[in-house]
Amino acid sequence: MGEMLDVPPPFYSKRVSIVLVRPQFDGNIGAVARSLKNFGFTDLRIVGRDNVWSDEVRNRAKHAQSVLDDAKFYDNIKSAVSDSSLVIGTSGKRELGSKISFRHFLEPEDLPKQLSDIDGKISIVFGPEGKGLLNSELKLCDLLVTIPTWPGYPIMNLSHAVSIICYSWYRNNTIPSEDSRNEKLLSAELKNVLTNEITRLSELIPTLDFRRTGIDETLQRIILRGLPKDDEVHRLLGVIQTTNLAFEYFSKNPEIWEEVISSNNDDN
């Protein structure tokens, strides 16, 4: 019972990183390490915590000591996911109505279905127990995933949530698809250029200041949710960068700028 077998790790073993942000309880960290090992993951990253494992962490990890030994530690989420082409945030928080801003959630089984045949580094980010990821941290993520739970008590234990996400990935990726498209996710560098240009556009566009954050978040969410390829993003960048140059010109000519703002507000 519980013995380790000499079996090669799955092909996604080092492709997907599991990132824990400010985990609070040692037992959960050990249980997460064990879950990673159960489903063939090896890349555990910790944000905002020291690199000394307690006996409780080690004991709860059981035969997943190698996951703990190889874990990487970071001061913030950005550095933890800097090598990833796609960052997936997790949350059990639910918002209703039209003011959901950017929380368009996928479910666990949607991830491997959409991403199994696409090449590129992926990070799945989990927040601390109790509060989960902050809104500002969710905004750093390209996609959002939630685990359907009873709405009366929707927030799951950290290690249980990691287990469900990892199981869904394993269950749908045990055997690579025969009709693999051999497509690739955006490089991390190109994704950063795209998100920076979108933010620049939201800062330059003629609109009221309180709308800028929503424009930035909505454009990034819609574009990145479509998993665009490099050539598609290069074409988008051409349009966005040209638009940014035009808005820069108008902003230096106040009389035209005010006319555009007035017209835009009248239309809305």
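Close amide H partners of Asp43, meaning residues 5 or more places away or on another chain with modelled amide H under 5 Å apart, are Ile18. Backbone amide hydrogens, once placed in the peptide plane, bring Leu144 within less than 5 Å of Gly89, Leu106, excluding anything fewer than 5 places away on its chain. Going by neighbour counts of Cβ atoms within 10 Å, the residues Ile147, Ile18 line up, fewest first, as Ile147, Ile18. Modelled spin-label separation between Thr243 and Arg171, with each label point placed 7 Å from Cα along the Cα-to-Cβ direction: 3.9 nm. For Asp119, the residues whose modelled amide H falls within less than 5 Å of its own, excluding neighbours fewer than 5 places apart on the same chain, are Glu183, Lys184, Leu185. Note on Ala188 and Lys229: the extension gain reaches 13.6 nm, defined as 0.36 nm multiplied by sequence separation minus the Cα-Cα distance.
Model label points for Leu236 and Asp209, set 7 angstrom from Cα along the Cα-to-Cβ axis, are 2.9 nm apart.
Legend: ranking of residues Ser66, Ser159 from fewest to most surrounding C-beta atoms inside 10 Å; resulting order Ser66, Ser159. Charge tally for Arg212 (other residues, Cβ to Cβ under 13 Å; Lys, Arg +1; Asp, Glu -1): -2.
Across the range 194-204, rounded Karplus estimates of 3J(HN,Hα) from the backbone phi angles (6.51 cos²θ - 1.76 cosθ + 1.60, θ = phi - 60°) give 4, 5, 5, 5, 5, 4, 4, 4, 5, 7, 9 Hz, Gly and Pro being marked x.
Counting only residues at least eight positions apart within a chain, or on another chain, the lysines with an alpha carbon under 16 Å from that of Lys191 are Lys78, Lys121, Lys139, Lys229. Scalar couplings 3J(HN,Hα) for the range 139-149, obtained by applying the Karplus form with A = 6.51, B = -1.76, C = 1.60 to θ = phi - 60°, are 5, 7, 9, 7, 10, 10, 10, 9, 9, x, 9 Hz; x denotes Gly and Pro. In a fully extended conformation the segment linking Asp6 and Gln114 would gain 35.9 nm over its present Cα-Cα distance, using 0.36 nm per residue.
Computed from the coordinates by the stated procedures, all read-outs in this text should not be read as laboratory data. Being a predicted model, the structure only gives us computed values, none of them experimental. Neighbour counts run over all protein chains shown; Cβ positions are idealised from the backbone, glycine included.
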